[in-house]
Number of protein chains: 2
Amino acid sequence: MVKNTVKLRYLVLGLLKEKALTGYDIKVFLESFSWLIGSPSYGSLYPALHALRDDKLVTQEMESSRKIYRITSAGQQELREWADQPLTQETSLKTFLMHLILSANYSREGLTAYLQHRQSQIEAQRENLQQLLQDVESGSREPLALAYGLFMATQELQWLENVLAEPREM
Amino acid sequence: MVKNTVKLRYLVLGLLKEKALTGYDIKVFLESFSWLIGSPSYGSLYPALHALRDDKLVTQEMESSRKIYRITSAGQQELREWADQPLTQETSLKTFLMHLILSANYSREGLTAYLQHRQSQIEAQRENLQQLLQDVESGSREPLALAYGLFMATQELQWLENVLAEPREM
DNA sequence: GATTGCATGTAAGGGGTTACATGATTTT
DNA sequence: AAAATCATGTAACCCCTTACATGCAATC
């Protein structure tokens, strides 16, 4: 039975927009980010490709015993519609990085808006973490996790500031 | 029907080891890290607490219309066994942060080993990202995601180095 | 010619989210 | 007394992982 695999669906579609790839290629590329967001298993990746093929959003061709997938115009259409969606509150790092991977599908304005949305969200959470860290002081809490969160929040804000300041980098 | 919710199970158990909490308290605390790893929904959190209670790993008491959960000695035992497990390859940021939150359950040696494991993993992936970024140069790839990954990898390595250099911080 | 890496796939089951529901307590 | 926040819960459904399985291609 063909399932939706919604998140992966658009990630895969976005990668195929850049370049025709095999399932294996996609897996290898996404492995580069596994320390951040993990990497999808073949058990989800291949079914996702089959579903995209069945929905005519990608084509599948054999080439020296490898299956090359190419995005169709219908696929590009669907990807555009997906990218145009209003952004939700939820922006875990995983979701955020996924959007960065698909950033080629955004207009510069859309991308800027997205980055700013992320920025304000992290700013708020950073203050919250700072407060929590002060509350524990010499307490028995989990200061390592709080310290890590605070550090990474600060660094990501730095990165966002740099990227937003230099639009040509986008 | 009571399901297992394995990952959450130990996260919750670890938080309860520090302090008696309600489901709501746990949710609010984990929300502090939502920009990094998301936050579990109540639809998974409450069933996880019920399962822990049914397994006698936590106790449940009413207190002014709130349900306070406390870890039992059986729960502490199970948590220790879980923390003693050999580490797997998989170390997404989510898994890593989860371990940091539970760091109070590790011996200093165990924690050091875990941090070093993470360190060597990120070092390898950082080199890989660097290579990928060079390969694209002026190409049509997803340089924003690669740049983000590389930046965050570098920063996390910095953090790990600092923490490992100052054991009293742990 | 055997081992390792490339490459693709399926079935069962697990762990989670979404959407829906409810009520108590505090604040305006 | 209305609105917002605190607080808990369930059921359906979804997406993904795990474990298993296969075969070709390249290298030793």
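What list of whole percents do you get for P(r) of the range B:6-84, with Cα-Cα distances grouped in 10 Å bins up to the one holding the largest distance?
19, 55, 25, 1
Counting other Cβ atoms within 10 Å, keep those with at most 16, restrict to DSSP loop, and tell me which trypsin sites (Lys or Arg not before Pro) in the range A:11-56 are left. Spell out each step's value before the answer.
Numbers: sites: A:Lys17, A:Lys19, A:Lys27, A:Arg53, A:Lys56; in loops: A:Lys19, A:Lys56.
Sites meeting the loop and neighbour criteria: A:Lys19, A:Lys56.
Cα convex hull of the protein assembly as shown: mean projected area in nm², to one decimal? Working shown, then result.
Numbers: hull surface 78.6 nm².
Its average projected convex-hull area is 19.7 nm².
Choose one of B:Leu144, B:Leu157, B:Pro47: the residue whose Cα lies farthest towards the positive end of the charge dipole of the protein assembly as shown (beta-carbon charges +1 Lys, Arg; -1 Asp, Glu; about the Cα centre).
Toward the positive end, the furthest listed residue is B:Pro47.
Under 16 Å from a point 7 Å along the Cα-to-Cβ line of B:Ala74: which residues of the range B:40-65 have their amide N that close?
Under cut-off, by backbone N: B:49-61.
For the rotation taking B to A, I'd like to know which residue in chain B has the C-beta closest to the axis, plus that distance in Å.
Of all Cβ atoms in B, the one closest to the rotation axis yields B:Gln155, 2.
If you place +1 on the Cβ of every Lys and Arg and -1 on the Cβ of every Asp and Glu, how big does the dipole about the Cα centre of the protein assembly as shown come out, in debye to the nearest 20? Before the final figure, lay out each step's value.
Values: 36 positive and 42 negative charges, 208 e Å.
Around 1000 debye, computed over the protein assembly as shown.
Taking a threshold of 28 Å on the Cα-Cα distance, which of the pairs A:Lys27/B:Lys17; B:Lys19/B:Lys56; A:Lys56/B:Lys94; A:Lys17/B:Lys7; A:Lys19/A:Lys56 fall above it?
Working: A:Lys27/B:Lys17 38 Å; B:Lys19/B:Lys56 17 Å; A:Lys56/B:Lys94 34 Å; A:Lys17/B:Lys7 35 Å; A:Lys19/A:Lys56 17 Å.
Exceeds cut-off: A:Lys27/B:Lys17; A:Lys56/B:Lys94; A:Lys17/B:Lys7.
With charges only on Cβ, +1 for K and R and -1 for D and E, what is the dipole size of the range B:39-170 about its Cα centre, in debye, rounded to 20? If you can, show how the numbers build up before the last one.
On the way: 12 positive and 18 negative charges, 109 e Å.
Charge dipole, the range B:39-170, about its Cα centre: 520 debye, nearest 20.
Work out how much length A:Thr22 to A:Gln130 would gain on full extension: take 0.36 nm times their residue separation and subtract the Cα-Cα distance, in nm to one decimal.
Working: separation 108, 0.36 × 108 = 38.88 nm, distance 4.48 nm.
Answer, rounded to one decimal: 34.4 nm.
Dipole size in debye (nearest 20) for the range B:1-65 around its Cα centre, Lys and Arg Cβ +1, Asp and Glu Cβ -1?
Dipole of the range B:1-65, to the nearest 20 debye: 240 debye.
Hey, can you list the DSSP H helices of chain B whose Cα span along the axis is 30 Å or longer and whose average Kyte-Doolittle score is at least 0.0?
Working: long enough: B:108-136 (42 Å, -1.06); B:143-165 (33 Å, 0.72).
Qualifying helices: B:143-165.
Hey, what's the Kirkwood Rh for the range B:41-141 if you take every pair of different alpha carbons, in angstrom? Don't jump to the answer; show the numbers that get you there.
On the way: mean 1/r = 0.0588 Å⁻¹.
In the range B:41-141 this quantity evaluates to 17.0 Å.
I need the fraction of alpha carbon pairs in the range A:107-169 separated by more than 17 Å, rounded to a whole percent.
47 percent
Each value in this text was obtained by applying a stated rule to the coordinates, not by laboratory testing. Everything numeric here is computed off the predicted structure, so don't read it as measured data. Note that each Cβ is placed from the backbone with ideal geometry, even for glycine, and that neighbours are counted across all protein chains shown.
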